[in-house]
Amino acid sequence: NAISRNLILCDKSRLLNPNAFVLGVPGSGKSFSTKELIAMLALSTDDDIVICDPEREYASLAEALGGEVVRIAAGSPHHINAMDMVEGYSDTKNPIAQKSQFIMSLLEQLDQTRELTSIDKSIIDRCTGDLYKNYRNGGPLPTLPALRELLLAQPEPEARDLALSLELFTEGSLNAFAYPTNADTQSRIIVYDILDLGEQLKTMGLLVITDAILNRVTENWKAGRRTHVYLDEFHVVYENPYSSMFFTSAWRRFRKRNAFPTGITQNVEYLLDNVSARSMLSNSEFIVMHNQAASDREKLAALFNISEQQMNYITNAEAGHGLMKIGNALVPFVNRFPKNTELYRKLTTKPGETELWG
(Lines give C-alpha, C1' and ligand atoms only; values in the text may rest on other atoms or scores of the structure.)
Protein backbone atom coordinates (compact mmCIF):
# COMPACT_ATOMS: atom_id res chain seq x y z
CA ASN A 1 0.00 0.00 0.00
CA ALA A 2 1.54 3.30 -1.13
CA ILE A 3 0.23 5.08 1.99
CA SER A 4 0.35 2.55 4.86
CA ARG A 5 3.19 0.47 3.32
CA ASN A 6 1.33 -2.70 4.34
CA LEU A 7 1.20 -5.73 2.06
CA ILE A 8 -2.01 -5.89 -0.03
CA LEU A 9 -3.72 -9.28 0.00
CA CYS A 10 -6.86 -10.17 -1.94
CA ASP A 11 -8.83 -13.42 -2.13
CA LYS A 12 -10.90 -12.94 -5.30
CA SER A 13 -13.20 -15.82 -4.37
CA ARG A 14 -14.60 -13.64 -1.58
CA LEU A 15 -15.56 -10.78 -3.89
CA LEU A 16 -18.96 -10.44 -5.57
CA ASN A 17 -17.32 -11.82 -8.73
CA PRO A 18 -13.78 -12.85 -9.65
CA ASN A 19 -13.61 -10.84 -12.90
CA ALA A 20 -10.41 -8.84 -13.24
CA PHE A 21 -8.59 -6.41 -15.51
CA VAL A 22 -5.02 -5.16 -15.67
CA LEU A 23 -4.78 -1.79 -17.43
CA GLY A 24 -1.84 0.43 -18.33
CA VAL A 25 0.14 2.08 -21.09
CA PRO A 26 3.23 0.28 -22.48
CA GLY A 27 6.09 0.34 -19.98
CA SER A 28 3.82 0.90 -16.98
CA GLY A 29 4.49 -2.54 -15.44
CA LYS A 30 1.27 -4.15 -16.68
CA SER A 31 2.87 -7.36 -17.98
CA PHE A 32 5.17 -7.67 -14.97
CA SER A 33 2.33 -7.43 -12.46
CA THR A 34 0.22 -9.90 -14.45
CA LYS A 35 3.05 -12.44 -14.48
CA GLU A 36 3.60 -11.83 -10.79
CA LEU A 37 -0.08 -12.66 -10.13
CA ILE A 38 0.28 -15.82 -12.25
CA ALA A 39 3.41 -16.89 -10.36
CA MET A 40 1.73 -16.36 -6.99
CA LEU A 41 -1.26 -18.47 -8.08
CA ALA A 42 0.96 -21.21 -9.49
CA LEU A 43 2.98 -21.45 -6.29
CA SER A 44 0.16 -21.12 -3.74
CA THR A 45 -2.78 -23.03 -5.29
CA ASP A 46 -3.54 -26.18 -7.26
CA ASP A 47 -5.78 -24.28 -9.69
CA ASP A 48 -5.31 -24.49 -13.45
CA ILE A 49 -3.95 -21.45 -15.29
CA VAL A 50 -4.56 -20.83 -19.00
CA ILE A 51 -3.06 -17.86 -20.86
CA CYS A 52 -3.58 -16.44 -24.35
CA ASP A 53 -0.27 -14.77 -25.24
CA PRO A 54 -0.24 -12.61 -28.40
CA GLU A 55 3.22 -11.13 -27.73
CA ARG A 56 5.22 -14.10 -26.32
CA GLU A 57 5.54 -12.57 -22.87
CA TYR A 58 4.48 -15.51 -20.70
CA ALA A 59 6.21 -18.54 -22.22
CA SER A 60 9.42 -18.36 -20.20
CA LEU A 61 7.57 -18.09 -16.89
CA ALA A 62 5.17 -20.91 -17.74
CA GLU A 63 8.01 -23.26 -18.70
CA ALA A 64 9.89 -22.41 -15.49
CA LEU A 65 6.75 -23.35 -13.54
CA GLY A 66 6.48 -26.68 -15.35
CA GLY A 67 3.76 -25.58 -17.74
CA GLU A 68 3.19 -26.21 -21.45
CA VAL A 69 3.61 -23.67 -24.25
CA VAL A 70 1.61 -24.27 -27.42
CA ARG A 71 2.88 -22.14 -30.31
CA ILE A 72 0.30 -21.62 -33.02
CA ALA A 73 1.48 -20.30 -36.41
CA ALA A 74 1.31 -20.95 -40.12
CA GLY A 75 3.30 -24.14 -40.72
CA SER A 76 3.47 -24.99 -37.00
CA PRO A 77 3.11 -28.68 -36.04
CA HIS A 78 0.68 -27.57 -33.29
CA HIS A 79 -2.97 -27.27 -34.27
CA ILE A 80 -6.10 -26.14 -32.46
CA ASN A 81 -9.36 -27.13 -34.14
CA ALA A 82 -11.59 -24.04 -34.34
CA MET A 83 -14.65 -26.33 -34.42
CA ASP A 84 -13.96 -28.24 -31.17
CA MET A 85 -16.98 -28.26 -28.83
CA VAL A 86 -17.15 -30.22 -25.57
CA GLU A 87 -20.34 -31.34 -23.85
CA GLY A 88 -21.71 -28.46 -21.77
CA TYR A 89 -20.14 -25.86 -24.09
CA SER A 90 -23.27 -23.70 -24.00
CA ASP A 91 -25.12 -22.22 -21.03
CA THR A 92 -28.36 -22.67 -22.98
CA LYS A 93 -30.19 -25.68 -24.40
CA ASN A 94 -28.94 -24.79 -27.87
CA PRO A 95 -25.12 -25.01 -28.02
CA ILE A 96 -25.24 -24.88 -31.84
CA ALA A 97 -26.55 -21.30 -31.68
CA GLN A 98 -23.56 -20.19 -29.59
CA LYS A 99 -21.13 -22.09 -31.82
CA SER A 100 -22.74 -20.42 -34.84
CA GLN A 101 -22.13 -17.04 -33.22
CA PHE A 102 -18.48 -18.02 -32.82
CA ILE A 103 -18.23 -19.03 -36.51
CA MET A 104 -19.82 -15.70 -37.48
CA SER A 105 -17.17 -13.88 -35.45
CA LEU A 106 -14.45 -15.82 -37.32
CA LEU A 107 -15.90 -15.15 -40.77
CA GLU A 108 -16.26 -11.49 -39.85
CA GLN A 109 -12.50 -11.42 -39.21
CA LEU A 110 -11.63 -13.37 -42.36
CA ASP A 111 -13.28 -10.94 -44.78
CA GLN A 112 -13.65 -7.46 -43.35
CA THR A 113 -14.57 -6.02 -46.76
CA ARG A 114 -18.15 -7.22 -46.35
CA GLU A 115 -20.64 -7.32 -43.51
CA LEU A 116 -22.50 -10.50 -42.72
CA THR A 117 -26.11 -10.27 -43.92
CA SER A 118 -29.18 -12.03 -42.53
CA ILE A 119 -28.81 -14.55 -45.40
CA ASP A 120 -25.16 -15.16 -44.45
CA LYS A 121 -26.15 -15.76 -40.82
CA SER A 122 -28.89 -18.21 -41.79
CA ILE A 123 -26.49 -20.16 -44.01
CA ILE A 124 -23.80 -20.29 -41.30
CA ASP A 125 -26.34 -21.42 -38.70
CA ARG A 126 -27.75 -24.10 -40.99
CA CYS A 127 -24.34 -25.49 -42.00
CA THR A 128 -22.98 -25.43 -38.44
CA GLY A 129 -26.02 -27.35 -37.22
CA ASP A 130 -25.76 -29.90 -40.05
CA LEU A 131 -22.06 -30.41 -39.38
CA TYR A 132 -22.56 -31.32 -35.71
CA LYS A 133 -25.70 -33.34 -36.40
CA ASN A 134 -23.74 -35.41 -38.91
CA TYR A 135 -20.91 -35.83 -36.36
CA ARG A 136 -23.34 -37.10 -33.70
CA ASN A 137 -24.59 -39.64 -36.23
CA GLY A 138 -21.10 -41.04 -36.78
CA GLY A 139 -19.84 -38.56 -39.39
CA PRO A 140 -16.39 -36.93 -39.53
CA LEU A 141 -15.06 -34.52 -36.92
CA PRO A 142 -16.25 -30.92 -37.57
CA THR A 143 -13.39 -28.74 -38.90
CA LEU A 144 -13.16 -25.53 -40.91
CA PRO A 145 -12.41 -27.47 -44.13
CA ALA A 146 -15.54 -29.59 -43.51
CA LEU A 147 -17.53 -26.41 -42.99
CA ARG A 148 -16.17 -24.98 -46.25
CA GLU A 149 -17.16 -28.11 -48.16
CA LEU A 150 -20.66 -27.92 -46.74
CA LEU A 151 -20.91 -24.23 -47.68
CA LEU A 152 -19.93 -25.08 -51.27
CA ALA A 153 -22.74 -27.63 -51.39
CA GLN A 154 -25.39 -25.03 -50.54
CA PRO A 155 -27.58 -23.58 -53.33
CA GLU A 156 -27.21 -19.90 -52.39
CA PRO A 157 -24.50 -17.79 -54.10
CA GLU A 158 -23.81 -16.18 -50.70
CA ALA A 159 -22.68 -19.58 -49.42
CA ARG A 160 -19.99 -19.70 -52.10
CA ASP A 161 -18.82 -16.24 -51.03
CA LEU A 162 -18.52 -17.46 -47.44
CA ALA A 163 -16.63 -20.55 -48.62
CA LEU A 164 -14.26 -18.34 -50.59
CA SER A 165 -13.57 -16.31 -47.45
CA LEU A 166 -12.56 -19.55 -45.71
CA GLU A 167 -10.28 -20.79 -48.50
CA LEU A 168 -7.07 -19.10 -47.35
CA PHE A 169 -7.62 -20.46 -43.84
CA THR A 170 -8.43 -24.03 -44.89
CA GLU A 171 -6.62 -24.76 -48.14
CA GLY A 172 -4.10 -21.91 -48.02
CA SER A 173 -1.07 -20.96 -45.94
CA LEU A 174 -2.99 -19.59 -42.93
CA ASN A 175 -4.50 -22.92 -41.91
CA ALA A 176 -3.37 -23.06 -38.27
CA PHE A 177 -6.92 -23.71 -37.04
CA ALA A 178 -8.07 -26.03 -39.84
CA TYR A 179 -6.92 -29.39 -38.47
CA PRO A 180 -7.96 -31.58 -35.53
CA THR A 181 -6.36 -30.49 -32.25
CA ASN A 182 -3.05 -32.28 -31.70
CA ALA A 183 -1.44 -30.04 -29.08
CA ASP A 184 -1.13 -31.15 -25.46
CA THR A 185 -3.70 -28.88 -23.83
CA GLN A 186 -4.06 -30.71 -20.50
CA SER A 187 -1.10 -29.24 -18.59
CA ARG A 188 -2.03 -27.46 -15.36
CA ILE A 189 -0.39 -24.29 -16.71
CA ILE A 190 -0.72 -23.70 -20.42
CA VAL A 191 0.23 -20.76 -22.64
CA TYR A 192 -1.17 -20.36 -26.14
CA ASP A 193 1.55 -18.40 -27.96
CA ILE A 194 0.04 -16.77 -31.07
CA LEU A 195 2.77 -14.19 -31.81
CA ASP A 196 3.82 -15.83 -35.08
CA LEU A 197 0.30 -15.66 -36.49
CA GLY A 198 1.05 -12.04 -37.35
CA GLU A 199 -1.33 -9.10 -37.41
CA GLN A 200 -3.65 -10.58 -40.04
CA LEU A 201 -4.55 -13.56 -37.87
CA LYS A 202 -4.09 -12.08 -34.38
CA THR A 203 -7.76 -11.34 -33.68
CA MET A 204 -8.85 -14.64 -35.21
CA GLY A 205 -6.23 -16.37 -33.07
CA LEU A 206 -7.48 -14.70 -29.92
CA LEU A 207 -11.05 -15.78 -30.74
CA VAL A 208 -10.13 -19.41 -31.47
CA ILE A 209 -7.94 -19.67 -28.38
CA THR A 210 -10.69 -18.12 -26.23
CA ASP A 211 -13.08 -20.75 -27.57
CA ALA A 212 -10.51 -23.49 -26.81
CA ILE A 213 -10.10 -22.10 -23.30
CA LEU A 214 -13.88 -22.16 -22.89
CA ASN A 215 -13.81 -25.89 -23.67
CA ARG A 216 -11.05 -26.40 -21.07
CA VAL A 217 -12.93 -24.33 -18.47
CA THR A 218 -16.08 -26.38 -19.08
CA GLU A 219 -14.21 -29.68 -18.60
CA ASN A 220 -12.55 -28.37 -15.42
CA TRP A 221 -15.88 -27.10 -14.09
CA LYS A 222 -17.45 -30.51 -14.55
CA ALA A 223 -14.44 -32.06 -12.76
CA GLY A 224 -14.65 -29.56 -9.86
CA ARG A 225 -11.48 -27.65 -10.78
CA ARG A 226 -11.03 -23.87 -10.86
CA THR A 227 -9.41 -22.21 -13.87
CA HIS A 228 -7.66 -18.84 -13.99
CA VAL A 229 -7.85 -17.36 -17.49
CA TYR A 230 -5.54 -14.57 -18.72
CA LEU A 231 -6.31 -12.88 -22.04
CA ASP A 232 -3.76 -10.32 -23.24
CA GLU A 233 -4.46 -7.66 -25.90
CA PHE A 234 -8.06 -8.02 -24.83
CA HIS A 235 -9.17 -4.91 -26.74
CA VAL A 236 -8.73 -6.28 -30.28
CA VAL A 237 -11.90 -8.38 -30.19
CA TYR A 238 -14.00 -5.27 -29.59
CA GLU A 239 -13.18 -3.74 -32.96
CA ASN A 240 -15.93 -5.81 -34.66
CA PRO A 241 -19.53 -6.57 -33.60
CA TYR A 242 -19.68 -10.38 -33.86
CA SER A 243 -16.33 -10.99 -32.19
CA SER A 244 -17.46 -8.57 -29.47
CA MET A 245 -20.70 -10.53 -28.99
CA PHE A 246 -18.89 -13.87 -28.84
CA PHE A 247 -16.28 -12.60 -26.39
CA THR A 248 -18.86 -11.05 -24.09
CA SER A 249 -20.76 -14.36 -24.06
CA ALA A 250 -17.54 -16.31 -23.34
CA TRP A 251 -16.66 -13.98 -20.46
CA ARG A 252 -20.11 -14.60 -18.92
CA ARG A 253 -19.69 -18.37 -19.28
CA PHE A 254 -16.24 -18.22 -17.68
CA ARG A 255 -17.71 -16.63 -14.58
CA LYS A 256 -20.53 -19.19 -14.34
CA ARG A 257 -18.08 -22.10 -14.57
CA ASN A 258 -15.76 -21.38 -11.67
CA ALA A 259 -13.22 -19.61 -13.88
CA PHE A 260 -11.51 -16.37 -12.85
CA PRO A 261 -11.00 -14.35 -16.07
CA THR A 262 -8.51 -11.48 -16.35
CA GLY A 263 -8.38 -9.13 -19.34
CA ILE A 264 -5.12 -7.29 -20.01
CA THR A 265 -4.91 -4.25 -22.27
CA GLN A 266 -3.12 -0.99 -22.98
CA ASN A 267 -6.04 0.32 -25.07
CA VAL A 268 -8.56 1.17 -22.38
CA GLU A 269 -10.40 3.50 -24.75
CA TYR A 270 -11.57 0.54 -26.89
CA LEU A 271 -13.20 -0.99 -23.81
CA LEU A 272 -14.76 2.21 -22.56
CA ASP A 273 -16.24 3.06 -25.97
CA ASN A 274 -17.90 -0.36 -26.34
CA VAL A 275 -21.13 -0.81 -24.36
CA SER A 276 -20.58 -4.51 -23.60
CA ALA A 277 -16.90 -4.12 -22.69
CA ARG A 278 -17.62 -1.06 -20.55
CA SER A 279 -20.23 -3.06 -18.65
CA MET A 280 -17.73 -5.91 -18.14
CA LEU A 281 -15.18 -3.45 -16.82
CA SER A 282 -17.58 -1.61 -14.51
CA ASN A 283 -18.86 -4.91 -13.09
CA SER A 284 -15.41 -6.36 -12.37
CA GLU A 285 -14.38 -6.50 -8.74
CA PHE A 286 -10.59 -6.61 -9.14
CA ILE A 287 -8.84 -4.04 -11.35
CA VAL A 288 -5.17 -3.10 -11.42
CA MET A 289 -4.61 0.33 -12.98
CA HIS A 290 -1.06 1.31 -13.84
CA ASN A 291 -0.07 4.58 -15.52
CA GLN A 292 -2.87 5.70 -17.87
CA ALA A 293 -3.08 7.94 -20.93
CA ALA A 294 -4.80 11.28 -20.24
CA SER A 295 -8.05 10.45 -22.07
CA ASP A 296 -8.27 7.03 -20.41
CA ARG A 297 -7.68 8.51 -16.95
CA GLU A 298 -10.66 10.82 -17.26
CA LYS A 299 -12.98 8.02 -18.38
CA LEU A 300 -11.77 5.65 -15.66
CA ALA A 301 -12.22 8.40 -13.06
CA ALA A 302 -15.84 8.85 -14.11
CA LEU A 303 -16.49 5.09 -14.20
CA PHE A 304 -14.99 4.28 -10.79
CA ASN A 305 -15.46 7.62 -8.96
CA ILE A 306 -11.72 8.15 -8.65
CA SER A 307 -10.89 11.35 -6.76
CA GLU A 308 -8.37 13.93 -7.99
CA GLN A 309 -5.95 12.89 -5.27
CA GLN A 310 -6.26 9.21 -6.24
CA MET A 311 -5.77 10.15 -9.91
CA ASN A 312 -2.20 11.13 -9.05
CA TYR A 313 -1.35 7.45 -8.63
CA ILE A 314 -2.13 6.70 -12.30
CA THR A 315 -0.79 9.97 -13.73
CA ASN A 316 2.85 9.86 -14.90
CA ALA A 317 3.32 7.00 -12.45
CA GLU A 318 6.51 4.97 -12.23
CA ALA A 319 6.48 1.42 -13.57
CA GLY A 320 4.97 -0.88 -10.96
CA HIS A 321 2.97 1.89 -9.28
CA GLY A 322 -0.73 2.53 -9.61
CA LEU A 323 -4.21 2.17 -8.20
CA MET A 324 -6.02 -1.06 -7.38
CA LYS A 325 -9.79 -1.47 -7.22
CA ILE A 326 -10.79 -4.30 -4.88
CA GLY A 327 -14.55 -4.44 -4.49
CA ASN A 328 -15.58 -0.90 -3.61
CA ALA A 329 -12.15 0.06 -2.26
CA LEU A 330 -9.52 2.00 -4.21
CA VAL A 331 -6.00 1.30 -2.95
CA PRO A 332 -2.82 2.99 -4.23
CA PHE A 333 0.07 0.55 -4.54
CA VAL A 334 3.82 0.41 -5.02
CA ASN A 335 5.35 -2.77 -6.43
CA ARG A 336 9.12 -3.01 -6.04
CA PHE A 337 10.39 -6.51 -6.70
CA PRO A 338 13.95 -7.56 -5.76
CA LYS A 339 15.95 -7.70 -8.99
CA ASN A 340 18.64 -10.13 -7.88
CA THR A 341 16.25 -13.11 -8.03
CA GLU A 342 15.52 -15.81 -10.57
CA LEU A 343 11.82 -15.01 -10.37
CA TYR A 344 12.43 -11.37 -11.33
CA ARG A 345 14.34 -12.54 -14.40
CA LYS A 346 11.29 -14.59 -15.43
CA LEU A 347 8.90 -11.69 -14.84
CA THR A 348 10.68 -8.75 -16.42
CA THR A 349 9.99 -7.64 -19.98
CA LYS A 350 12.39 -4.68 -20.06
CA PRO A 351 14.44 -5.01 -23.28
CA GLY A 352 17.83 -4.51 -21.64
CA GLU A 353 17.07 -6.98 -18.88
CA THR A 354 15.57 -9.67 -21.10
CA GLU A 355 18.57 -9.46 -23.43
CA LEU A 356 20.91 -9.70 -20.45
CA TRP A 357 19.27 -12.72 -18.86
CA GLY A 358 17.62 -14.38 -21.86
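With a Förster radius of 41 Å, plug the Cβ-Cβ distance of Lys93 and Glu199 into 1/(1 + (r/R0)^6) and report the FRET value to the nearest 0.05.
So the FRET efficiency works out to roughly 0.60.
With 10 Å bins from zero, work out the P(r) of region 1-155 over every alpha carbon pair and list the percent per bin.
8, 25, 27, 23, 13, 3, 1
Label Ala293 and Glu63 with points 7 Å out from Cα along Cα→Cβ: what is the distance between them in nm?
Reported label-point gap for Ala293 and Glu63 is 3.3 nm.
Amide H neighbours of Arg71 under 5 Å, at least 5 residues apart or on other chains, H built in the peptide plane: list them.
Amide H to amide H, under 5 Å and 5 or more residues apart or across chains, Arg71 pairs with Asp193.
May I ask you to work out the translational diffusion coefficient for region 126-193 at 37 °C, viscosity 0.692 mPa s, via Stokes-Einstein with Rh from the Kirkwood sum over Cα pairs, reported in whole µm²/s?
243
Please compute one quarter of the surface area of the Cα convex hull for region 135-278 and express it in square nanometres.
Result: 10.6 nm².
In the chain, what percentage of the DSSP-assigned beta bridges are antiparallel, given to the nearest 5?
25
If you add up the charges near Ile306, with Lys and Arg at +1 and Asp and Glu at -1, over every other residue whose beta carbon is less than 11 angstrom from its beta carbon, what do you get?
+1
Give the residue from Thr181, Phe260, Phe102 lying farthest towards the positive end of the charge dipole for the chain; charges sit on Cβ (+1 for Lys and Arg, -1 for Asp and Glu) and the dipole is referred to the Cα centre.
The one lying farthest along the dipole's positive direction is Phe260.
Of the accessible area of region 242-287, with the probe set at 1.4 angstrom, what percent is carbon plus sulfur?
43
Bin by bin, in steps of 10 Å, what percent of the Cα pairs in region 68-220 do you find, going until the bin that has the longest distance?
11, 42, 36, 10, 0
Please report, in debye to the nearest 20, how large the charge dipole of the chain is about its Cα centre when each Lys and Arg carries +1 at its beta carbon and each Asp and Glu carries -1 there.
Computed charge dipole of the chain: roughly 1260 debye.
Indicate the gyration tensor shape class of region 222-276 (rounded, prolate or oblate), computed on the Cα atoms with a ≥ b ≥ c the square roots of the eigenvalues: a/c under 1.5 is rounded; otherwise a/b larger than b/c is prolate and the rest oblate.
Prolate, because a/c is 1.5 or more and a/b exceeds b/c.
Please list, short to long, the whole-number percent of alpha-carbon pairs of the chain in consecutive 10 angstrom bins beginning at zero.
Per 10 Å bin, starting at zero, the Cα-Cα P(r) for the chain comes out as 5, 24, 33, 23, 11, 3, 0 percent.
Compute the angle between helix 198-222 and the longest alpha-carbon principal axis of the chain, please, reported from 0 to 90 degrees and rounded to the nearest 10.
With both axes taken from Cα atoms, the answer is about 90 degrees.
Please compute, for the alpha-carbon atoms of region 233-315, the extent along each of the three principal axes and give them in descending order in Å.
Taking the Cα atoms of region 233-315, the three principal extents are 37, 27, 18 Å.
With +1 on the Cβ of every Lys and Arg and -1 on the Cβ of every Asp and Glu, and nothing else charged, how large is the dipole of region 189-298 about its Cα centre, in debye rounded to the nearest 20?
820
Restricting the calculation to Cα positions, tell me the Rg (one decimal) and the Dmax (whole number) of region 183-242 in Å.
Cα-based Rg and Dmax for region 183-242 come out at 12.7, 37 Å.
log₁₀ I(q)/I(0) of region 217-358 at q = 0.16 Å⁻¹, via Debye over equal Cα point scatterers, no solvent, to two decimals?
Cα-only, vacuum Debye calculation for region 217-358: -1.02.
Build a GNM of the chain with springs between Cα atoms under 10 Å: which of Gly88, Gly67, Gly263 gets the top mean-square fluctuation?
Comparing Gly88, Gly67, Gly263 in a Gaussian network model of the chain, the most mobile one is Gly88.
The values are calculated or read from the model by the stated rules, or taken from the named source; none is laboratory data. Everything numeric here is computed off the predicted structure, so don't read it as measured data. No Cβ is skipped: glycine too gets one built from the backbone with ideal geometry, and neighbour counts run over all protein chains shown. Surface areas here come from the heavy atoms of the whole protein model, side chains and all, with no ligands, DNA or RNA. Shrake-Rupley method; radii C 1.70, N 1.55, O 1.52, S 1.80 Å.
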